[in-house]
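K.L.:
One structure, pasted below without further comment.
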Amino acid sequence: VFVSGEATILHADLDAFFASVEQRDDPRLRGRPVIVGGGVVMAASYEARAHGVRSAMGGARARRLCPDAVIVEPHFSAYVEASRAVFDIFRNAAPVVEAMSIDEAFLDVSGLERISGRPAEIAARLRREVREQVGLPLSVGVARTKHLAKVASGAAKPDGLLVVPPDGEEAFLHPLPVEALWGVGPKTTEKLNARGIRTVGDLARRSEGTLVSLLGRASGRHAHALAHNRDPRRVERTRGRRSFGSQCALGRSTTSFESLDVTLIALVDRVTRRMRAKGRAGRTVVLRLRYGDYTRITRSRTLPFPTAASETVLATARGLLAAARPDIERRGITLVGVAVSGIDGAGVQLELPLDGPDTAALDLVLDQVRERFGPGAVTRAGLLRRGPRLAAWLFPGEDHDV
Ligand SMILES: [Mg+2]
């Protein structure tokens, strides 16, 4: 696959987002190591990172690594407001903006040269505007592909800009450590290092077959493609999506109402986690059921506010499920699905006040821990009791969109 043309994809990523907002809002914190979140580290300033502190690390370990750190409680409304302001700047800069999370987006600036200048100029302006208007450091990578742009913004951090020209891609990519590749986590890195594969260049010299046998089919192919700089994905406008959903077919012989509730918890977790990863919220909770005789029903409830909070969606879905209980017990059940629709059109949106900050904080921390350490790292108590099978089922690769 040859992607032709110029480097016109920007990956823009706020540096140490939560910690930077705290330093912006309290001058006493500037230049000092700052850790957001006392229990689990939700964010660490670069001064704290210099001591080895990382997101999703336990608070006790973080304090041992960096005894001088100032530990602050998160201020979610400030983060949401900052994110909104930053995304407004992004949308002014480019016609196509794909939100990846609350502090990160891809921008496609192709065709803008006459109006806005070259991609590197647009990127520099973006950084300046975010700094001047919102008071936060933003790093930007510019490249032909999303993957390279993402890797470039990582290499540019903190507070940097890096353009990878089309004729300099291999020279940029090959010396990097394998963990710099998008999607290569600690476990994969360990496996690769054990075989003497340390850099992306090392990776590129192995055949796809070798990598598949080492990492499994999906990861092996993925790693091979990225090492060879193949990434055909386009920047897609986030606004397009209208609902997030997931469903689970159940064996005919089942199912106690209690185990149905456990399935519901797992479904809600998957749906809301994906919504939060995309920075989206929705107002309508939809429950889909298929009875033992394979007839289907859909029940929904619209909330007064958009949400991506697990607890809120779960409470609503449970209400809908409880209303269907007599029918379920009479007719049996073969499928349950949960969706959230009425997705907020504004892009990044995290619901906060109505559930209180604790719930939102818990959701964010769980997401971060899973992202860093894998799906099995954290699970709800209700799922643990069910043993590893359902817990593993909770996070297989792709979600089914209802
Ligand atoms: Mg960031």
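K.L.:
Modelled label-to-label distance, residue 327 and residue 92, 7 Å Cα→beta-carbon offset: nm?
P.N.:
The modelled label-to-label distance comes out at 5.0 nm.
K.L.:
Follow-up question, since we're still on this one. Tally up the carbon and sulfur contribution to the accessible surface of region 139-219 as a whole percent, 1.4 Å probe, everything protein left in place.
P.N.:
Roughly 52 percent of what the probe reaches on region 139-219 is carbon or sulfur.
K.L.:
Which lysines have a Cα less than 27 Å from the Cα of residue 278, not counting those fewer than 8 places away in the same chain?
P.N.:
Of all the lysines, those that pass the test against residue 278 - Cα under 27 Å, at least 8 places apart if same chain - are 146, 150, 157, 187.
K.L.:
What does the accessible area per residue of region 102-193 come to in Å², with a 1.4 Å probe and no ligands, DNA or RNA counted?
P.N.:
Ligands and nucleic acids excluded, the result is 44 Å² per residue.
K.L.:
Same structure again: Among 46, 79, 294, what's the order by accessible area (1.4 angstrom probe), most exposed first?
P.N.:
Solvent-accessible surface, decreasing: 294, 46, 79.
K.L.:
For region 289-344, give the magnitude of the charge dipole about the Cα centre (Cβ charges: +1 Lys/Arg, -1 Asp/Glu; no others), in debye to the nearest 20.
P.N.:
In total the dipole reaches around 200 debye.
K.L.:
Of all accessible surface on region 25-98 at a 1.4 Å probe, what whole percent is carbon and sulfur?
P.N.:
Accessible surface attributable to carbon and sulfur in region 25-98 totals 50 percent.
K.L.:
By how many nm would the segment from residue 257 to residue 217 lengthen if fully extended, with 0.36 nm per residue of separation less the alpha-carbon distance?
P.N.:
Length gained, residue 257 through residue 217: 10.7 nm.
K.L.:
Something else: So if R0 is 22 Å, what FRET efficiency would residue 233 and residue 85 give, r being the distance between their Cβ atoms, rounded to the nearest 0.05?
P.N.:
About 0.20, to the nearest 0.05.
K.L.:
Next question. Using a basic spin-label model with each label point 7 Å from the Cα along Cα→Cβ, how many nm lie between residue 167 and residue 198?
P.N.:
For the pair residue 167/residue 198, the computed spacing is 3.1 nm.
The values are calculated or read from the model by the stated rules, or taken from the named source; none is laboratory data. What you are looking at is a predicted structure, and each value in this text was computed from that prediction instead of being measured. Positions of Cβ are backbone-derived with ideal geometry, glycine not excepted, and every protein chain shown enters the neighbour counts. Just the protein is used for accessible areas: all its heavy atoms, side chains included, with ligands, DNA and RNA removed. Shrake-Rupley method; radii C 1.70, N 1.55, O 1.52, S 1.80 Å.
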